[in-house]
1. Which of the residues that make up segment 80-98 are assigned to a loop (DSSP other than H, G, I, E, B), touching a residue at least 12 places away in the same chain (Cβ under 8 Å) and of a type in the set (A, V, I, L, M, F, W, C)?
2. Of the residues Ala59, Ala37, Ala76, Ala81, which single one is in contact with a Lys or Arg (Cβ under 8 Å, 6 or more places away or on another chain), over 26 Å from Glu116 (Cα atoms) and either among the aliphatic types (A, V, I, L, M) or at pLDDT 95 or above (or both)?
3. I need the full set of residues from segment 99-114 which are outside any loop (DSSP other than H, G, I, E, B), out of contact with any Lys or Arg (no Cβ under 8 Å at 6 or more places or on another chain) and not charged (D, E, K, R), in order please.
4. Which residues, taken from segment 115-124, are loosely packed, with under 11 Cβ neighbours inside 10 Å, over 24 Å from the mean Cα position of the chain (by Cα) and not in a strand (DSSP E or B)?
5. Quick check on Ala59: is it of a type in the set (Gly, Ala, Ser) and part of a loop (DSSP other than H, G, I, E, B)?
6. When the residues of segment 12-61 are narrowed to those that are within 13 Å of the chain's Cα centre (by Cα) and acidic (Asp, Glu), which ends up most open to solvent (accessible area, probe 1.4 Å)?
7. Which one is farthest from Thr64 (Cα to Cα) among residues in segment 34-53 that are part of a loop (DSSP other than H, G, I, E, B) and of a type in the set (A, V, I, L, M, F, W, C)?
8. Suppose we filter segment 15-33 for residues that are of a type outside the set (A, V, I, L, M, F, W, C) and part of a helix (DSSP H, G or I); how many remain?
Amino acid sequence: MSHPPLTPEKDENGKPFDWEFERLRIFNEKMGDVLRASFARPTPGSTLERYEGAEKWPAELPKTTDLDDKDESTKAQVNWALENFSLMVLEPVTVERVELGVIPNRRTQWERAGKEWTERIVVP
């Protein structure tokens, strides 16, 4: 089965799709100040020698469009957060749900063909 490409070549107006513009839009419009700040901290799961110092990490960061009246440190943190932020776009073609909380267990699969989804009940 063939699937359409995951990367749209053109937007709804026929212009080339601008993924960098979309990444900035999500960073500014869809993320709150606290989530934005989480991208200006060390990598989650990395080792800390001690808890002291973590209080220096930003708790909130403004949008890139709201930096005019901010100090240089805040601007640097926002830029670092943006460098660490990636936009991952997934386009599922199959989805599966297994329900183990019911007896008998249930398993359902969906598959996309074009814009239509087909549902299939299968053995769990």
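1. Taking segment 80-98 and keeping what is assigned to a loop (DSSP other than H, G, I, E, B), we get 85-93.
Okay, now just the ones that are also touching a residue at least 12 places away in the same chain (Cβ under 8 Å), so 85-87, 89, 91-93.
Passing the criteria: Phe85, Leu87, Val89, Val93.
2. Working: Ala59 fails: in contact with a Lys or Arg (Cβ under 8 Å, 6 or more places away or on another chain); Ala37 fails: in contact with a Lys or Arg (Cβ under 8 Å, 6 or more places away or on another chain); Ala76 fails: in contact with a Lys or Arg (Cβ under 8 Å, 6 or more places away or on another chain).
Criteria check complete, one pass: Ala81.
3. Within segment 99-114, Ala113 is the sole residue that qualifies.
4. Once the filter is applied, which keeps residues that are loosely packed, with under 11 Cβ neighbours inside 10 Å, over 24 Å from the mean Cα position of the chain (by Cα) and not in a strand (DSSP E or B), segment 115-124 yields only Val123.
5. Working: of a type in the set (Gly, Ala, Ser): yes; part of a loop (DSSP other than H, G, I, E, B): yes.
When the stated conditions are applied, Ala59 passes them.
6. Checked segment 12-61; the qualifying residue most open to solvent (accessible area, probe 1.4 Å) is Glu29.
7. Filtering segment 34-53 for residues part of a loop (DSSP other than H, G, I, E, B) gives 39-53.
Next cut, of a type in the set (A, V, I, L, M, F, W, C) only: 39-40, 48.
Working: Phe39: 13, Ala40: 13, Leu48: 29 Å.
Looking at the filtered set, the residue picked out is Leu48.
8. At the first step, the residues of segment 15-33 found to be of a type outside the set (A, V, I, L, M, F, W, C) are 15-16, 18, 20, 22-23, 25, 28-30, 32-33.
Retained after the next criterion (residues that are part of a helix (DSSP H, G or I)): 20, 22-23, 25, 28-30, 33.
Counting residues in segment 15-33 that are of a type outside the set (A, V, I, L, M, F, W, C) and part of a helix (DSSP H, G or I) gives 8.
The values are calculated or read from the model by the stated rules, or taken from the named source; none is laboratory data. This structure is a prediction, so every number in the text was calculated from the model and none was measured. FYI the Cβ positions are ideal-geometry reconstructions off the backbone, even for glycines, and counts take in every protein chain you see. Keep in mind that these areas ignore ligands, DNA and RNA; they rest on the heavy atoms of the full protein, side chains included. Shrake-Rupley method; radii C 1.70, N 1.55, O 1.52, S 1.80 Å.
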